[in-house]
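Asks: Sending over a structure as C-alpha cells; questions will come in a sec.
Just so it is clear, none of the values below were taken in a lab; they were calculated from the coordinates. The structure presented is a predicted model; accordingly, all values stated were derived computationally and were not measured. Cβ atoms come from the backbone with ideal geometry, glycine included; neighbour counts cover every protein chain shown.
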Amino acid sequence: MLSEPDVQVSNPRSRALLLSALYSAQEQYGWLSPEAIQHVADQLELTPGQVHSTASFYSMFKLQPGGQYLLQVCEGLSCYLLDGADTLVAQIQKHLGIAPGETTPDGKFSLQIVQCIAACDYAPAIRVNDDLHGHITPESLDELLAQLSAQEEGAEHV
Amino acid sequence: MFEPVLTQNVQRADSEKIATYLAHGGYAATRQALTGLTPGELVEMVKQSGLRGRGGAGFPAGVKWGFMPKDPGTPKIVAVNADEGEPGTFKDRLIIECDPHQLLEGTIIASYAVGANQAYVYIRGEFYLGYQRLVQAIAEAYEHGYLGKNILDSGFDLDVSVQRGAGAYICGEETAMLESMEGKPGNPRLKPPYPAQTGLFGLPTLVQNVETLACIPHIVLRGAEWFASMGTEESKGPKIFSVSGHVNRPGNYELPLGTKLSEIIYEHAGGIRGGKQLKAVIPGGASTPVLTPEQVDIPMAFETLAKAGSALGTGAIVVMDESTCMVEAARRTAKFFAHESCGRCTPCRIGSMRLYEALERLERGAGLQDDIERALYLSDNIDARTFCPMGAALVNPARSTIQKFRPEFEHHLEHRECLVRLH
C-alpha cells in the first residue's frame, strides 16, 4: 500500500526499495557513510557496490557529512534573471565564510548550488533542508540566516 | 469564455484535502468511468479528445493507452511522471501540492482504461511538500474507497504508492525514470522496446505526465468534444503555462492551447518588469529554442512552435528583457545540462562539457577565436546522436541563442566584454 517501504523488507524487487532505503539511512545516519551503505546493502541483499552506484548518481544523497542546515541556492535561469543565484551565494559566502560545497566549522550550515528547483514563480528561491523559501531579498536572507543561527540543535524546520 | 478546469480548485482553502475535492464534484469522473464506461470506450474517448502529453514530447495520450497490451492475464503498471525538472517549469508542482486528488482521479481512470492494478507516482525528490500531500491524499482515497479492492463496486482493484526521486533531471525521461524506480542509476534505456511493451520490472507500463492525467477527469465528465473544442488543429484542450523571468506577475496560467504568447506575457503575466523592452523568450522550458520579440505573436501550440523552429515543450515561458546578456543565459543553461548528463552517451557526456566550456570562455571574455564555431559544431554533432532526447535538449538553447543573438557573442569574443549589463 502507501506506507514508506520498510528497509527491513526484502523481496525479488528489493532493489526497487533502494532509493527509499537510502533516504531512511540518510535520515538515521545524517549522511551515507560507508557503514550506512553497508547496512542498506545487507538489508536489501545487494552488494555495497550496487548501493553506492545508485547513491552516487543522485544529487540528494550525501556521501559526505554536512551541516545541520543545508542551504541550497538555485542558480537556474529564472532565479538568475531576478538577481538571485550568484548574488545570494555571494551574500551567504560573506555571511557564513563558506564556499559552495563547504560546511561551517560549527557544523551548522552547508552551502550548495543547485539547478532549477521548479519554484520559478517564487524566484529567487532557496531551499533549507526540505523547506522552500521564495522571493528572497538580501534583507530576508539576512533575517533567515539569523533565525537559523538562533535555532536550537535538532530543530530542523523553520 | 474560457473557464479554467485544471486549476479550478487550487485557490480554495484546504484544496489538497479530499473533503474539499468532494465538495466540488471530485471523484464524480471516477464513478462515471468505472461504473459507466468500458476500458475500450475510455481509450477511444481520450483519442477523440486530441489530448497530447504535457510532459514535453506531446505524444497523443489515447494512442499511448492503445499501445498497452489487452491481454488480461499480463500484470500492467501505470507510472506517473511527477519528476518535474525542466528549468522554468512549475505546473505539475501546483497540481501535486494544491490538487493531488485531481491527479489521483486521472491515475485511477487511466489505470482502469489500460487494465493496470498497480500505479506508482515518481515524484521529484525536492518536492517534499508535494510528497507529503500526495501520501496524505492517497491515504484519504483508500479510506473513501477510491483506491484498493473493488473500487465503487466496479470489480476494479488499484493500489497506488509514491516513490521519491533524488535529484536527477534525466529521470524525467520516461525510461530513465523506470530505471530509477527499479533502484538503479537513472540511465535511459534504448527504445524499442517501449515501456508499453517492456516497462517497470519488465511489465507493460503506461508512463504519463501529471498534467496529462489531470486532464482525464474533465474529459470523462465533459466529453471529448468539449476538450477538442479548445485549441488549434493539432493541439487541443487547456494547458497550464508557467511564466517566469522578467515579468510583473510570474506564475501559472491555465489557458487554451493556441493562446498567443504575447497575450500570455503582456495580459496574463502583466508585461515586462519596469517597463523594459522584451529581448528573448524561451517558450517551452530550457530545452526549447529561444524566440525573439518579432515572434511573440505566435500561438502557443505544438505545431505552430515546431514550425517556428522551437517547441511547446512543457509550456514553461521564461521571459528575458533588454538587460539580459544572452551569452550568460546560454552559458547558464549549458552548465545545467552539462551537470545533468547521465554520462552514458559520449556525445552528451563529453560534448555538453565542451559546449559549456566554450560558452563559459566567451562569457568571461576569454573566448578562443573559433569558440562560436566550436559551439555550433558541437551542437550539430551532439543532436540526434544520443540514446535519449537529452542530446537535442542540451544543444537547443545554445545553438538557437547563438543563431539569433550572434552579434552579442561576437562582441564578447572581439571586445572581451559584455554589451549589456544585468540590472
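Asks: Considering only region A:44-126, what is the antiparallel percent among its DSSP beta bridges, to the nearest 5?
Replies: Of the beta bridges lying entirely in region A:44-126, close to 25 percent run antiparallel.
Asks: Sorted from fewest to most neighbouring beta carbons within 10 Å, what does the list B:304, B:175 look like?
Replies: The fewest-first ordering by Cβ neighbours comes to B:304, B:175.
Asks: For region A:69-150, what log10 I(q)/I(0) values come out of the Debye formula at q = 0.11, 0.19 1/Å, with one point per alpha carbon and no solvent?
Replies: Each listed q corresponds, in turn, to -0.23, -0.72.
Asks: In chain A, what percentage of the DSSP-assigned beta bridges are antiparallel, given to the nearest 5?
Replies: 55 percent
Asks: Further question on the same structure: What whole-number distance in Å separates the alpha-carbon centres of region B:3-43 and region B:367-423?
Replies: Cα centroid to Cα centroid, the span is 45 Å.
Asks: Among the helices of chain B (complete DSSP H runs), which have Cα atoms covering no less than 27 Å along the helix axis and a Kyte-Doolittle mean of at least 1.0?
Replies: Once both thresholds are applied, nothing remains.
Asks: Please rank B:138, B:350, B:298, B:216, fewest neighbouring Cβ atoms within 10 Å first, as an exposure proxy. Don't skip to the answer; put the middle values down first.
Replies: Values: B:138 24, B:350 15, B:298 18, B:216 29.
Least crowded to most crowded, the residues run B:350, B:298, B:138, B:216.
Asks: Using a Gaussian network model of chain A whose springs link C-alpha atoms within less than 10 Å, name the residue from A:93, A:68, A:28 with the highest mean-square fluctuation.
Replies: Highest fluctuation among the options: A:28.
Asks: Right, something else. For chain A, which cysteines have no second Cys with its Cβ under 4.7 Å from theirs?
Replies: A:116, A:120
Asks: Moving to a separate point now. Could you list B:294, A:45 in order of exposure, starting from the residue whose Cβ has the fewest other Cβ atoms within 10 Å?
Replies: Ranked by crowding around the Cβ, least crowded first: B:294, A:45.
Asks: Which value results when the Cα radius of gyration for region B:238-321 is divided by 2.2 N^0.38 Å?
Replies: 0.94
Asks: Which whole-Hz couplings ³J(HN,Hα) result when phi for each residue of region A:74-91 is put into the Karplus expression 6.51 cos²θ - 1.76 cosθ + 1.60, θ = phi - 60°, listed in order with x for Gly and Pro?
Replies: Couplings: 6, 10, x, 4, 5, 5, 4, 4, 9, 6, x, 6, 4, 4, 6, 4, 4, 5 Hz.
Asks: Follow-up. Does region B:326-415 come out rounded, prolate or oblate by the C-alpha gyration tensor, with a ≥ b ≥ c the root eigenvalues, rounded set by a/c under 1.5 and, if not, prolate when a/b is larger than b/c and oblate if not?
Replies: prolate
Asks: Also: Anything over 23 Å Cα to Cα? Flag those among B:236/B:404; B:91/B:184; B:236/B:307, in the order listed.
Replies: B:236/B:404; B:91/B:184
Asks: For n ≥ 4 DSSP H runs only, could you compute -39500 (n - 2.57) per run for chain B, divide by its residues and tell me the 222 nm figure to the nearest 500?
Replies: -12500 deg cm²/dmol
Asks: Okay, next question. Compute the Cα gyration tensor for chain B, then decide on rounded, prolate or oblate, letting a ≥ b ≥ c be the square roots of its eigenvalues: rounded whenever a/c is under 1.5, prolate when a/b is larger than b/c in the other cases, and oblate in all that remain.
Replies: Prolate, because a/c is 1.5 or more and a/b exceeds b/c.
Asks: Right, something else. GNM, chain A, Cα, under 10 Å: largest mean-square fluctuation among A:94, A:108, A:62?
Replies: Result: A:94 has the largest fluctuation of those listed.
Asks: Between rounded, prolate and oblate, where does region B:4-51 land on the alpha carbon gyration tensor, with a ≥ b ≥ c its root eigenvalues, rounded for a/c under 1.5, else prolate if a/b exceeds b/c? Could you put the intermediate results ahead of the total?
Replies: On the way: a/c = 4.33, a/b = 1.81, b/c = 2.40.
In terms of gyration-tensor shape, oblate.
Asks: Mind checking B:316-329 for the average number of partner chain beta-carbons within 10 Å of each residue's beta-carbon?
Replies: Numbers: counts 4, 1, 6, 2, 3, 1, 0, 1, 3, 0, 0, 0, 2, 3.
Per residue, the average neighbour count from other chains is 2.
Asks: Now, a different point. Find, among the GluC sites (Glu not before Pro) in region B:131-238, those assigned to loop by DSSP (not H, G, I, E, B) with at most 11 other beta-carbon atoms within 10 angstrom.
Replies: B:233
Asks: Under 10 Å, Cα contacts only: if you run a Gaussian network model on chain B, which one of B:348, B:171, B:325 comes out with the highest mean-square fluctuation?
Replies: The residue with the greatest mean-square fluctuation here is B:325.
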